[in-house]
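Notes for the one structure printed next.
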Amino acid sequence: MRQSELLRSLVRETRLTPKNFIYPLFVCPGEGVRREISSMPGVFNLSVDKAVQEARESQSLGLGGIILFGLPEKKDEVATGAWSDDGIVQRATRAIKQEVRELVVIGDVCLCEYMSHGHCGVVQQKKQTPGTASGSHNGGSAAVQTAACTEYEILNDPTLEILARTSVSLAKAGMDIIAPSDMMDGRVGAIRKGLDQAGFENTPILSYAAKYASGFYGPFREAADSAPQFGDRRSYQMDGANLRESMREIELDVEEGADMIMVKPAMPYLDVIAEARRRFDLPLAAYQVSGEYAMLQAAIRNGWLDRDRVILESLVSIRRAGAELILTYFAKDAAKLL
């Protein structure tokens with residue numbers, strides 16, 4: 001049954017279609033802007049007019065949809081650009097919906113791109129702790145230096161209010177699906193309540209339910225200008241060593257009203273995708289993240305890998321693990337190959 005492509009295709013267990021793919025777009029201020037991201041060849045920061053063009057092409061290729069990320073003009077400590085009615089993603093959503101009507105538009109809801117400190121929630125200085133004292137003895141005298149270390153903590157509950165406000169603002173702009181990626185506890189419930197109270201009872205929520213603290217996000221932080229200014233995100237994103245804990249996180253989001261769930265990253269966490277598919281009956285998405293894309297592109301450009309084969313093979317692996325939807329920067333390329 002493997003001796004010809006006709007036979008292989010006849011009994012193929014896992015199939016890809018363009019509808020499986022969600023294409024991420026990074027929207028920035030300006031007009032006529034199409035600025036390539038150095039660590040992600042073929043991916044661009046786009047002004048609203050250029051994002052509309054990408055949305056139109058995505059529709060023509062039959063993609064399942066697009067997901068929007070924003071680069072605001074200004075950042076602050078309350079993520080004003082995320083929830084402002086005139087925010088960059090809100091403007092892009094209205095423009096796309098006016099020009100490209102038959103395309104699902106998903107709004108990533110996270111605050112890191114809009115916060116001056118680059119974290120996904122409200123930050124508070126925690127405490128001052130004394131540094132280690134070091135001394136040197138020379139003829140009975142000692143020199144001691146003491147440094148002060150400032151610790152910070154992410155305030156979970158105040159962040160929920162901003163996430164809900166952002167979600168309502170995006171829904172008002174015409175967003176089809178709200179996709180919270182912040183990993184704050186209780187965010188799905190808070191967003192569901194906020195949407196319902198604002199009259200958007202039918203707006204679905206795609207929860208980044210198992211988002212791991214991963215080294216594969218590096219290129220995204222260049223694309224979205226969202227690197228933390230201090231510390232890291234391990235206190236609120238998932239520990240990469242834990243599978244059972246991720247199932248508990250997914251279950252909580254489902255109980256709070258998530259309509260779809262997501263695992264991120266994809267290829268390093270195929271076992272998590274497979275386990276989520278086994279346990280939960282909701283539509284399942286996976287994000288082939290910037291680092292996965294960048295490393296494949298680097299090998300392709302060096303001639304080490306066959307471009308067309310590895311693009312489709314990587315996506316088939318994610319689909320085979322159980323994800324119906326795949327967020328991928330290869331979305332347009334894969335659709336053309338298919």
Using a Gaussian network model on the chain with a 10 Å cutoff between Cα atoms, which of Ala190, Ala210, Ala285 fluctuates the most? Ala190
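Quick one: how many lysine pairs in the chain have C-alpha atoms under 18 angstrom apart, if they're 8 or more apart or on different chains? Numbers along the way, then the final one.
On the way: Lys19/Lys332; Lys19/Lys336; Lys50/Lys97; Lys50/Lys332; Lys97/Lys172; Lys172/Lys193; Lys211/Lys264.
For the chain, the number of qualifying lysine pairs is 7.
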Gain upon complete extension [Ala298, Gln53; 0.36 nm per residue less C-alpha separation]: 85.5 nm
At R0 = 56 Å, FRET efficiency that the Cβ-Cβ distance of Lys126 and Ser4 yields, to 0.05: 0.30
Taking neighbour counts of Cβ atoms within 10 Å as a proxy for exposure, in what order, fewest first, do Ile300, Ile205, Ile96 appear? Ile300, Ile205, Ile96
So how tilted is helix 270-279 from the main axis of the chain? Cα-based, degrees 0 to 90, rounded to 10. 70 degrees
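Let me spell out the model: positive unit charges on the Cβ of Lys and Arg, negative unit charges on the Cβ of Asp and Glu, origin at the Cα centre of the chain. What dipole size does that give, in debye rounded to 20?
Numbers: 39 positive and 45 negative charges, 174 e Å.
The dipole magnitude comes to about 840 debye.
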If Met247, Met1 are placed from fewest to most neighbouring beta carbons inside 10 Å, the sequence is Met1, Met247
Shape call for the range 1-44, from the Cα gyration tensor axes a ≥ b ≥ c (a/c under 1.5 means rounded, otherwise prolate when a/b beats b/c, else oblate), comes out prolate
Which of Gly118, Gly65, Gly303 moves the most in a Gaussian network model of the chain with Cα springs under 10 Å? Gly303
Among Ala299, Ala266, Ala223, whose mean-square fluctuation peaks in a Gaussian network model of the chain (Cα, cutoff 10 Å)? Ala299
Crossing angle, helix 307-321 versus the chain [Cα axis fit, 0-90 degrees, rounded to tens]: 80 degrees
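Only the coordinates and a few stated rules stand behind these numbers; no lab work does. Computed from a predicted model, the values in this text were never measured in an experiment. Neighbour counts run over all protein chains shown; Cβ positions are idealised from the backbone, glycine included.
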